[in-house]
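Asker: There's a structure below that I have some questions on.
Every read-out reported here was derived from the displayed coordinates using simple, explicitly stated rules and does not represent laboratory data. This is a predicted model, so every value here is computed, not measured. Methodologically, a virtual Cβ is constructed for each residue, glycine included, from the backbone with ideal geometry; neighbour enumeration extends over all protein chains shown.
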Amino acid sequence: MFVRHALQRFISSIPVLLLLTLALFGALKLIPGDIALVMAGERATPERVEYIRESLHLNDPWWMQYGLYLKKLIFEADLGHSLLHDQPILTLFSTAVPATIELATAALLIAIPLGLFLGVVSAVARRSWWDRIASLVALTGVSMPIFWLALLLMWFFSLNLGWLPTSGRLSDEVLFDPATESVFRMYVLDGLFFGLSGRGWDLFFSACRYLVLPAVALSTIPMAHICRMTRSAMLDVLQQDYIRTARAKGLSKFKIVLKHAARNAALPVVTIMFLQAGALFGGAVITETMFAWPGLGKLLVESIGSRDFPMVQSGTLFVGVVFVFFNLLGDLVVGWLDPRIKQSAAQGRGHGA
Amino acid sequence: MTAKPSVWRLIWAEVRANRTAQSAIAIILLLIIFALCAPWLARHDPLVLNLETARFIPPFFMEGGSFLHPFGTDSSGRDVFARVLFGGRISLALGFLPVLIGAGFGVPMGLLSGYLGGRSDQFLMRVNDCLLAFPSILLALILVAFLGQGIVNLMIAVGLAYAPTFARVSRSSALGERNKEYVLGAFANGASLQRILFRHLLPNILNSLVVVATMSFASALLESAGLSFLGLGVRPPTPEWGAMLAEGKADFYQAWWTLVFPGAAIFLTVISLNMLGDALRDALDPRSERRGT
């Protein structure tokens, strides 16, 4: 039953992805003017323009171009060639994606426990000072411009206190060549690997120090959303009859919250956690740019600024795939936690169309 | 049978009882007034450079500062106070106008889709759900990539990124209203589709729309500033809060005030709008928890 549900959901997301490729392909066509000229820039030689025109198959009819694009994408995993970096986009992704994964994971490791904790506390101790403080933290989290927060963090922790570095991924003093020595392309993991294999812990500590500020800055928004959602879901549940029954049975408040309420409040919270995770793993545009973190978001911003359209196209597609994947994953986890949803979805399909 | 109280009366009642909403409105109004009256309040032109005598003057409360430049000056000797005030005009507009654009596209779509139902509704909402899965800043970013940069394109991009939100809300509200007697009555009377959608349905779903619009105002402002900060929206030297932060980033070792004031302006506006949005949701949205329970 679960496998079938999962398969159905998976298949239903394929048209979405196809639509995305078509939209991105169409968007490229909608750019006014000669796309090859636009991409080459004003000072390009005619040969360069012709090269771009050739490499994008601009001389063919549009449906052939689209077919070719899809064919390359699906069967050859060819994401195109970046004009700005003059490298295959797949190569660029192979270093940018691990960097983004490292940062996003670190941010989620801060955001999820903190958001859950604040949300539960403020729901349980409703209208107390705890509730007010937690709500204020959450409100600040959604309202804080992340680029401003990043600047303030840098100013305070790097400049005034000198505790943490402002940007980049690694100190120059660490003897480490990422191109040849990196196993995971995630320096914290590499550092752990180095340390455990007896090559010293320098890399690990340096990598962690560089990770702290961007991760903290990035964690604020998901933390705030998780906190707000947890609070309202818990408040909903705590008003239900079965909670009153549990209380009447004389169970301790701790046990009620943990065993009875948390399980039932989990669904919307899990959904929003996966949505937020999807947003982070798709590349944190502002945070990565601020802290010079060489991930997907930074790559995307650079490519937009320099009109590197193949990169924009493939970057967006990748981000889209990540979102769809996390949405799907969230749906499946929720379906697994609550079997009622699967059933209603199956019934809904009967008379829905 | 009692008539449904009008949206504005509900809002007024909520605001009268809720002190948070009052202070939020006060701050927002104050910021709008400051922005509108910028030419009379600021003593300097926000664009005039003064590289010889006025570089990096600190704000008034620090040594070397004066009320001539209450927020100090930046690396080119421009008055930060004047730039924050004039920047407010653009930044606030970049929050507000995209909401209008988003509502302009999303609301008719959602109303039509919800009212007509059927296959087209299914299809439209499918597409809409895909769009909603993306965070709006990313949608706006992609649109900017294809539209090109500049203030107008930024506004359109951010605005279009909000259309799915408005479409979803108005669709689900329209779905709830379409079989009510007043709608059926209007239809039986031979009212045109346009009339049913905008004269009958729209006023009755304003509740939800006002809440969404307030929240969207906050996040659209944040996103426009963010895109300008990344250099993809408003370009320096035009005074805009996000663009000012981008410019000041290089000087932040010497002059923290070039960053703190525009950033604080964004934060203050956004947090006030969010506070107001929360209060309005409690008052207007039937699904949210009622106060006092």
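Asker: Semi-axes of the equivalent ellipsoid for the protein assembly as shown, please: Cα gyration tensor eigenvalues, times 5, square-rooted, ordered largest first, whole Å.
Answerer: 38, 33, 30
Asker: Here's another thing I want to ask about it. Can you list the residues, at least 5 places off or on another chain, whose amide H is less than 5 Å from the amide H of A:His81, using H built in the peptide plane?
Answerer: Here A:Ile89 satisfy the definition.
Asker: Additional query: For A:Leu164, what residues show an amide H to amide H distance below 5 Å, using hydrogens built from the backbone and excluding near sequence neighbours?
Answerer: A:Ser158
Asker: For region B:214-230, just list the computed ³J(HN,Hα) in residue order, Karplus coefficients 6.51, -1.76 and 1.60, θ = phi - 60°, integers in Hz, with x standing in for Gly and Pro.
Answerer: Taking θ as phi minus 60°, the curve returns 5, 5, 5, 3, 4, 6, 5, 4, 4, 6, 4, 4, x, 5, 5, 4, 6 Hz for region B:214-230.
Asker: Further question on the same structure: Whole-Å semi-axes of chain A's equivalent ellipsoid, largest first, each the root of 5 times a Cα gyration tensor eigenvalue?
Answerer: In descending order the semi-axes read 41, 30, 18 Å.
Asker: Something else about it: Rounded to two decimals, what is the ratio between the C-alpha radius of gyration of region A:58-178 and 2.2 N^0.38 Å?
Answerer: Computed over Cα atoms of region A:58-178, the ratio equals 1.67.
Asker: Can you tell me, using C-alpha contacts under 8 Å and at least 6 residues apart, the relative contact order of chain A as a whole percent?
Answerer: It comes to 24 percent, rounded to a whole number.
Asker: Once amide H atoms are placed 1.01 Å from N in the peptide plane, what residues at a sequence separation of 5 or more from B:Thr73, or on another chain, have their amide H within under 5 Å of its amide H?
Answerer: B:Phe56, B:Ile57, B:Val80
Asker: Sticking with this structure for a sec: Go ahead and collect, in residue order, the members of region A:292-330 whose backbone nitrogen is under 13 Å from a label point 7 Å along the Cα-Cβ direction of B:Leu175.
Answerer: none
Asker: Give me the aspartates and glutamates in straight-line cross-link reach of A:Lys253: C-alpha distance below 18 Å, same-chain residues under 8 apart excluded.
Answerer: Output for A:Lys253: A:Asp131, A:Asp236, A:Asp241.
Asker: Right, next: At most 11 other Cβ atoms within 10 Å and a DSSP loop assignment: could you name the trypsin sites (Lys or Arg not before Pro) in region A:14-98 that fit?
Answerer: Within region A:14-98, the qualifying trypsin sites (Lys or Arg not before Pro) (loop, at most 11 other Cβ atoms within 10 Å) are A:Arg43.
Asker: Continuing with the same structure: Per residue and in Å³, how big is the convex hull formed by the alpha-carbon atoms of chain B?
Answerer: 162 Å³
Asker: Which of the aspartates and glutamates could a cross-linker span from A:Lys72 if the Cα-Cα distance has to be under 16 Å and same-chain partners fewer than 8 positions apart are dropped?
Answerer: Those aspartates and glutamates meeting the cut-off are A:Glu54, A:Asp60.
Asker: With θ taken as phi - 60° and the coefficients 6.51, -1.76 and 1.60, list the Karplus ³J(HN,Hα) couplings across region A:78-93 in order, rounded to whole Hz; mark glycine and proline as x.
Answerer: 8, 8, x, 10, 6, 6, 5, 8, 6, 9, x, 5, 4, 5, 5, 4
Asker: Along the principal axes of its C-alpha atoms, what lengths does region B:61-146 span, in descending order and rounded to whole Å?
Answerer: 69, 23, 22
Asker: Something else about it: Tell me, what is the FRET efficiency for A:His57 and A:Ile14 to the nearest 0.05, using R0 = 25 angstrom and their Cβ-Cβ distance as r?
Answerer: In this case the efficiency is close to 0.50.
Asker: Mind ordering A:280-293, A:251-264, B:70-83 by average Cβ neighbours within 10 Å, highest first?
Answerer: Order by mean packing, descending: A:280-293, B:70-83, A:251-264.
Asker: So if R0 is 25 Å, what FRET efficiency would A:Ser171 and A:Thr91 give, r being the distance between their Cβ atoms, rounded to the nearest 0.05?
Answerer: Calculated value: 0.45.
Asker: Moving on. Give me a single rounded figure for B:141-153: the average over its residues of other chain Cβ atoms within 10 Å of their Cβ.
Answerer: Across B:141-153, the average partner-chain Cβ count within 10 Å equals 5.
Asker: Gain in length, A:Arg48 to A:Thr245, computed as 0.36 nm per residue apart minus the alpha-carbon separation, to one decimal in nm?
Answerer: Extra length from A:Arg48 to A:Thr245 when fully extended: 63.4 nm.
Asker: Volume per residue, Å³, of the convex hull around the alpha-carbon atoms of region A:120-177?
Answerer: Per-residue hull volume (Cα only) is 140 Å³.
Asker: Kirkwood hydrodynamic radius (Cα pairs, Å) of region B:1-146?
Answerer: Computed over region B:1-146, the radius equals 20.0 Å.
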